[in-house]
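Below you'll find the structure, written out as structure tokens, and then a few comments.
Values in this text are rule-based calculations from the coordinates and carry no lab data. Source: prediction; values computed, not measured.
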Amino acid sequence: MDLKTFVKESLVEIAKGVADAEESLSDTSAIVNPRSVYVNEKESIRVYGYLNVNEPGNKSNKKPVVQLIEFDVSVFAEEESDKGGGLRIGVMSVGIEAKGGTTEAKRSESRIAFQVPMALPTSERGSTRL
């Protein structure tokens, strides 16, 4: 697989994953990749930033903390010369597969590291100082 295809497919899968996560969390106070974040500039405070109170999806009048969720994954690209052939990109996993027939595969492995900002669900219990 060439680099252009690898980059394209990786970014498409990351973007779809972020969109799917946001949709799955729509009934919570979590916001994946918020639009409006006040980025923290104080090194003594170990958070990425704070959510703008007017951010769409913010279900409170508070400024929730926005964390950077870090991903460092091993991915593989595989081309198979089986029926239909084709190309697929997937996250590395360990497993055993048994199936009939012979398949010849070309496989390359890479690592992708990225971050997604996220305001995690908040709780009304206790007090929060921001």
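In nm, what is the difference between 0.36 nm times the number of residues separating Gln115 and Asp2 and their Cα-Cα distance?
Working: separation 113, 0.36 × 113 = 40.68 nm, distance 2.41 nm.
Separation in residues times 0.36 nm, less the Cα-Cα distance, equals 38.3 nm.
Can you compute 3J(HN,Hα) from phi for each residue in region 27-43, using the Karplus curve 6.51 cos²θ - 1.76 cosθ + 1.60 with θ = phi - 60°, rounded to whole Hz and x for Gly and Pro?
Result, rounded to whole Hz: 8, 10, 8, 6, 9, 8, 6, x, 6, 10, 10, 7, 6, 6, 10, 8, 5.
Name the residues whose placed amide hydrogens come within less than 5 Å of the amide hydrogen of Ser36, ignoring near sequence neighbours (fewer than 5 apart) on the same chain.
Amide H neighbours of Ser36, under 5 Å, 5+ apart: Asn52.
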